[in-house]
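Presented below is the structure to which this report refers.
The values are calculated or read from the model by the stated rules, or taken from the named source; none is laboratory data. The shown structure was predicted, so the numbers you read here are calculated from the model rather than taken from an experiment. A quick note on method: Cβ atoms are made from the backbone with ideal geometry, for glycine too, and the neighbour counts reach across all protein chains shown.
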Amino acid sequence: MYVKIMSASVLGVEGRFIEVEVNICSGLPQVSVVGLPDSAVRESVERVRAAIQNGGMKFPMDRITINLAPADLRKEGSAFDLAIAAGILCASGQVEAKLLEDTLFIGELSLNGMVRSVPGVLPMTELARSAGIGRVVVPHAAVAEASLISGIEVFGISSLAEWISGFAGEEEASSPSRSNSGFSTKRLRLLNRSGLNSSTPESEIDLSDVIGQELGKRALLIAASGMHNLMFIGPPGTGKTMLCRRLPTLMPPLDDEEALSVTKILSVCGKLSHTQSQSGLIRQRSFRAPHHTISAAGLIGGGSTPKPGEVTLAHHGILFLDEMPEFSRVCLEALRQPLEDREVTIGRARGVCRFPARFMLAASMNPCPCGFFGGGVDDRPCTCSPAAIARYRARMSGPLADRLDLQVELPRQSVRNNSETGMSSAEAREIVMEAAQRQKFRYAKHGIHWNSQLQGPLLKKYTKLSPDAEMLLQQVYAQLGLSFRAHDRILKMSRTIADLAGREAIRSEDVAEAISYRCLDQATE
């Protein structure tokens, strides 16, 4: 007998349907799995066999052929176990196949028949909803995650025996609440679909913790308001890392579209905890701070089967590279394409995967290997030779530095005043959210959210300068020998500075302030 059960896998960060076809015919007892399965899929036969037997059902002693379609797509992981078990039970006549129509099965089986969760439940459930499938069966541990997708029924089961019995207990067997699909509505766990966590969680760190460094705080406001890339340059202990780590406390929460995208990425990577899924879609922007020993594949993504890297985990958030020149040249140069295209494209012989990577790059660096180059007479003297300083700064190429909108030098603070208090994160976030709302309203018809996304005709349309501002920018462009990219990034920053001031018109003082944040360009004059 032949049956077909719907399951799904993940390609990149999106779900993809997999049809589990099971055919049982007379012959020597044998189970064949075809359709480019990997080791985990081939081993599922033994898991399914033991789970069915321990669930009180009979595993057929016939010739069983299992096909995972489409046959030209490599199948990986253990998410097909539940679908394979359902197919075998239906093909052997132990479960009525009509009851499983319009149902997607996701889950891994243990030998005792318990159902374990797998990564990527959220994008697979979203795929089922978009295809019009009415029901998805997932492990109990993944019910909260799957229920984040509205418009589809989510059934959670803890074991194969629970599903086989239709969640039966003697009490439920006679209950009219028993559905004709073999699932008990009494055991259905659904979350409040609209109960999304829209509040910004309180953080233990605050912008007011930073004493002094008003220039750095202003740069944070501009970066957070327009999603501009940012680098702080200064001696050790000036607060570079401290400032960057407070960026998430300044930024507005993710909107619905962004939150779903970020939550899907965490689901695919297996980083979405049960507590997070219970509280709704992820609303707080991520802050990723990888160590400088990270590989290019760990930063950008990769592997024989491409997996997301840190740039994708920082999607709609912040990627922080502390002591940026200490990262390998290969890693730093690999950032150039994601910073421009806002996505990572990884090609392999089996296909091409695209991962979203719309993030803000925040970085810090010392002015030299010892960290004290360029200090005043009262500061600790620099012990680095000119050649050592040149080699240190050459670790970050000019094209990469060109992509850093704000390049800010932070001086060492001479006097510490513990009684000094500055702007708090809550106050700064109000300012940032007001500027963000201006941008959201302005670009509502163009599918973008931030000034940093302006390009081509939109850049010309929304960054028109007054005559004196235009003249100032042209003079600086000629004097410093700026690239076209640096020119455009100054325009985008000027647009953000004007938004922070509550103005549509970009004035010469806005352009002058934006130019003042390009210290690396000025250093090459």
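Out of all the residues in the stretch 264-281, is one or more within 22 Å of TRP450 (Cα to Cα) and at pLDDT below 90?
yes
Out of the stretch 383-408, which residues are under 24 Å from LEU243 (Cα atoms) and among the hydrophobic types (A, V, I, L, M, F, W, C)?
MET396, LEU400, ALA401, LEU404, LEU406, VAL408 - these are the residues of the stretch 383-408 that are under 24 Å from LEU243 (Cα atoms) and among the hydrophobic types (A, V, I, L, M, F, W, C).
When you check GLY35 against the structure, is it under 30 Å from LEU313 (Cβ atoms), crowded, with 17+ Cβ neighbours inside 10 Å and at pLDDT below 95, yes or no? Give the steps one after another, and end with the answer.
Numbers: under 30 Å from LEU313 (Cβ atoms): no; crowded, with 17+ Cβ neighbours inside 10 Å: yes; at pLDDT below 95: yes.
Considered against the rule, which asks whether it is under 30 Å from LEU313 (Cβ atoms), crowded, with 17+ Cβ neighbours inside 10 Å and at pLDDT below 95, GLY35 comes out as no.
Looking at GLU326, is it surrounded by fewer than 14 Cβ atoms within 10 Å (Cβ to Cβ) and at pLDDT 90 or above?
no
What do you reckon, is THR524 at pLDDT below 95 and of a type in the set (Val, Ile, Thr)?
Values: at pLDDT below 95: yes; of a type in the set (Val, Ile, Thr): yes.
For THR524, the condition - at pLDDT below 95 and of a type in the set (Val, Ile, Thr) - is met.
I'd like to check something: does the stretch 347-366 contain any residue that is of a type outside the set (Asp, Glu), part of a strand (DSSP E or B) and more than 30 Å from ILE448 (Cα to Cα)? Break it down stepwise before answering.
As a first pass, look at the stretch 347-366 and keep what is of a type outside the set (Asp, Glu): 347-366.
Subset that is part of a strand (DSSP E or B): 347-348, 351-356, 360-365.
Among the residues that remain, those that are also more than 30 Å from ILE448 (Cα to Cα) are: 348, 365.
Within the stretch 347-366, one or more residues are of a type outside the set (Asp, Glu), part of a strand (DSSP E or B) and more than 30 Å from ILE448 (Cα to Cα).
Where in the stretch 1-108 are there strands (runs of 3 or more DSSP E), lying wholly inside it, with at least 3 residues that are without any contact (Cβ under 8 Å) to a residue 60 or more places away in the chain and under 30 Å from CYS269 (Cβ atoms)? Before you say what the answer is, go through the steps one by one.
On the way: elements: 2-11, 14-25, 30-34, 63-69, 103-105.
Ranges flagged: 63-69.
Those residues that are touching a Lys or Arg at 6+ places or on another chain (Cβ under 8 Å), assigned to a strand (DSSP E or B) and within 18 Å of SER78 (Cβ to Cβ), I need them from the stretch 115-155; list them, please.
Correct list: PRO139 only.
Could you list, ordered by first residue, the pairs with Cβ atoms under 7 Å in which the first is in the stretch 473-491 and within 26 Å of ASP341 (Cβ to Cβ) and the second is aromatic (Phe, Trp, Tyr) and in a helix (DSSP H, G or I), at least 6 apart or interchain?
So the pair list comes out as HIS487/TYR477.
Could you tell me which numbered condition LEU215 fails, if it satisfies all but one of (1) of a type outside the set (D, E, K, R); (2) over 27 Å from ALA146 (Cα atoms); (3) modelled with pLDDT under 90; (4) surrounded by fewer than 16 Cβ atoms within 10 Å (Cβ to Cβ)?
Here LEU215 clears every test but (3).
Quick check on SER419: is it among the small types (Gly, Ala, Ser) and at pLDDT below 90? Outline the logic, then answer.
Numbers: among the small types (Gly, Ala, Ser): yes; at pLDDT below 90: yes.
Spelling it out, SER419 is indeed among the small types (Gly, Ala, Ser) and at pLDDT below 90.
Among the listed residues THR312, THR305, THR383, which satisfies the condition of being out of contact with any Ser or Thr (no Cβ under 6 Å at 6 or more places or on another chain) and farther than 30 Å from GLY35 by Cβ?
Numbers: THR312 fails: farther than 30 Å from GLY35 by Cβ; THR305 fails: farther than 30 Å from GLY35 by Cβ.
Going through THR312, THR305, THR383 in turn, the sole match is THR383.
Filter the stretch 455-488 for residues that are more than 33 Å from the chain's Cα centre (by Cα), among the charged types (D, E, K, R) and assigned to a helix (DSSP H, G or I); which is farthest from SER508 (Cα to Cα)?
So, considering only residues that are more than 33 Å from the chain's Cα centre (by Cα), among the charged types (D, E, K, R) and assigned to a helix (DSSP H, G or I), the one farthest from SER508 (Cα to Cα) is GLU470.
Report the residue count in the stretch 231-283 for those that are touching a Ser or Thr at 6+ places or on another chain (Cβ under 8 Å), within 30 Å of GLY77 (Cβ to Cβ) and of a type in the set (A, V, I, L, M, F, W, C).
Summing the residues that are touching a Ser or Thr at 6+ places or on another chain (Cβ under 8 Å), within 30 Å of GLY77 (Cβ to Cβ) and of a type in the set (A, V, I, L, M, F, W, C) in the stretch 231-283 gives 5.
Those residues that are closer than 17 Å to ASN54 by Cα and surrounded by 20 or more Cβ atoms within 10 Å (Cβ to Cβ), I need them from the stretch 93-106; list them, please.
Within the stretch 93-106, just VAL95 meets the criteria.
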